[in-house]
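One structure is given below, encoded as structure tokens.
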Amino acid sequence: MQLLTTENAKTTKGESLGYLTAILYLAPGSLSGRNVCAHASEGCLFSCLNLAGMGAFSNVQDARIAKTKEFFRDPKGFVETLAEDVASAQRKAERLGMELCVRLNGTSDLPWENLGGQIGVPLMRRFPSVRWYDYTKNAARVRAFLAGRLPENYSLTFSRSECNGETALELARAGGNVAVVFGTKKGEPLPAKWGGRPVIDGDLHDLRFLDGRGRIVGLRAKGPARRDDSGFVVATGGVK
């Protein structure tokens, strides 16, 4: 079973910057019968991009559910299969003259830094030349990242929801990056600031490890998020 994909409309933008991106997509929330997004809010689950792009096809959804069930059936074996996929993607990146970066939580929020597989070594440490990154709503993981307790080639961006705004600001003040979804339409500029902090355009690429520290990563609402009324999507009128 191939677990990683390098075909994604947003991540291909990173190719112009010299990075090939591989992503693992699982079935988000509890769609598989097991929860892979323990910190997700109702707004997050409603706005999830699981059905965006190729995700709209039933065979893709079936594959994501199958992958998720396989992860819970044999998590250590799953990590070893991932290691094979990463090695293959790394060879592809080398052939293309690019660097490889990997995002394992494409539609999940799992602590991959703690999953060592059959040999007890997390993938980030097995592949030190690969850049790893994820978005997470788990504040404890972001605090560990900021304290230098995660592998140095693994970058985390905290995801703001309708339930964790104060935590998001706290982490931003501590030097963490925070992704915020705005109700800004495609082609229109994002707010200049959120929570008094400058906003950068996160739709230009998905290479979050290039963003620096203490940034608000602005994302435009897409798919179901355009219909959100929970507060997960920040209305742009009067944003400061």
For Ala52 and Glu166, extending 7 Å from Cα along the Cα-Cβ vector and measuring point to point gives, in nm, a value of 3.0 nm
On each of the three principal axes the extent of the alpha-carbon atoms of segment 85-240, given in whole Å and largest first, is 50, 33, 26
Out of Leu100, Leu207, Val36 - ranked by how far each Cα lies towards the positive end of the dipole of the chain, with unit charges on the beta-carbon of charged residues - the top one is Leu207
In whole percents, the bins of 5 Å from zero upward hold the Cα-Cα pairs of segment 1-153 as 2, 9, 18, 22, 22, 18, 9, 2, 0
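I need the fraction of alpha carbon pairs in segment 174-235 separated by more than 13 Å, rounded to a whole percent.
59 percent
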Sorted by chain and number, the residues with a modelled amide H under 5 Å from that of Lys193, at a separation of 5 or more or across chains, are Val199
If the chain between Asp229 and Ala139 were fully extended at 0.36 nm per residue, the gain over the current Cα-Cα distance would be 30.0 nm
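How large is the charge dipole for segment 123-240, taken about the Cα centre, if only the Cβ atoms of Lys, Arg (+1) and Asp, Glu (-1) carry charge, to the nearest 20 debye?
I would put it at about 200 debye.
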For the pair Ala147 and Glu42, the simple spin-label estimate (label points 7 Å beyond Cα toward Cβ) gives in nm 3.3 nm
Computed about the Cα centre, the charge dipole of segment 1-153 from +1 Lys/Arg and -1 Asp/Glu charges at the Cβ has a magnitude in debye, to the nearest 20, of 200 debye
Taking every DSSP bridge whose two residues both lie in segment 1-149, the antiparallel percent to the nearest 5 is 20 percent
To the nearest 20 debye, segment 182-231 has a Cα-centred charge dipole, built from +1 on Lys and Arg Cβ and -1 on Asp and Glu Cβ, of 60 debye
Between Phe127 and residues 5 or more places away or on another chain, the pairs with built amide H atoms under 5 Å apart involve none
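Each value in this text was obtained by applying a stated rule to the coordinates, not by laboratory testing. From a predicted model like this one, the values you see are computed outputs, not experimental measurements. Positions of Cβ are backbone-derived with ideal geometry, glycine not excepted, and every protein chain shown enters the neighbour counts.
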